[in-house]
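Quick notes on the structure that follows.
The values are calculated or read from the model by the stated rules, or taken from the named source; none is laboratory data. Worth saying up front: this structure is predicted, and the values here are computed from it rather than measured. Cβ atoms come from the backbone with ideal geometry, glycine included; neighbour counts cover every protein chain shown. Areas reflect the complete protein model, heavy atoms only, side chains present, ligands, DNA and RNA absent. Shrake-Rupley method; radii C 1.70, N 1.55, O 1.52, S 1.80 Å.
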Amino acid sequence: MNLIDKKQVREMMKQGKLKDVNDIQEVLKEQFGELIEEMLESELDHELGYSKYDYREKETTNSRNGKREKQLRSNYGNIEIEVPRDREGEFEPQIVKKNQRDISSIDDQVLSMYAKGMTVRDIQAHLQDLYGVDASPTLISGITDKIVPLIKEWQNRPLSRVYAHVVMDAVHYKVRQDGRIVNKAAYMAIGIDL
């Protein structure tokens, strides 16, 4: 799973693959589908107690048993994903449950968890409150360990030396810190390059 960088976007535009917002939405849809698949793989790793190619650490009679296709409705439109299976049929995915077909709210929630810099415990509480998913800290760490490098890559991408226009803004909010209420600000900068 690779995030598309600026050069790839420009190349796709030159090739005529990105002409309008619908094309961009298709790219986002593919990336979101890959993200869901990675999370499901991590869930199965946690369930079985070993990663995909690390069967030497296997302490169970259960094992992987291929994948099955599943159609989901999301904010990006219909997404087709491959859900991993286990041989004994005990794997009950929590991110996208067995009979769940509509995940239109989960995409924003998953992205918001990382965008807010939430801790493992915060993410655990978030999943429990919104979806009734009882995810262990180990499971959440496994999921974030697979996704964090992609986020870090995006956060550390090189910025342009010059921007034609920069908009800066802040959202002010009150938080409890050290037993008292204090004002905090979340800053945002949007730059339009040349």
Discussion item. Which order do the peptides 92-99, 178-185, 76-83, 148-155 come out in when sorted by mean C-beta neighbours inside 10 angstrom, highest first?
Written reply: 76-83, 92-99, 148-155, 178-185
Discussion item. Please list, by residue number, every one of the chymotrypsin sites (Phe, Trp or Tyr not before Pro) in segment 1-63 that is coil in DSSP and has at most 13 other beta-carbon atoms within 10 Å.
Written reply: Tyr53
Item to complete: Tell me which residues come under 5 Å, amide H to amide H, from Asn65 once H is placed; ignore anything under 5 positions away on its chain.
Response: Arg85, Asp86, Arg87
Discussion item. List the pairs from Lys67/Lys152; Lys7/Lys152; Lys29/Lys174; Lys14/Lys52; Lys19/Lys98; Lys17/Lys67 whose alpha-carbon separation is above 26 Å, in the order I gave them.
Written reply: Lys67/Lys152; Lys29/Lys174; Lys14/Lys52; Lys19/Lys98; Lys17/Lys67
Practice prompt. Can you send over the carbon and sulfur percentage of the accessible area for segment 1-101, probe radius 1.4 Å, protein chains only?
Written response: 44
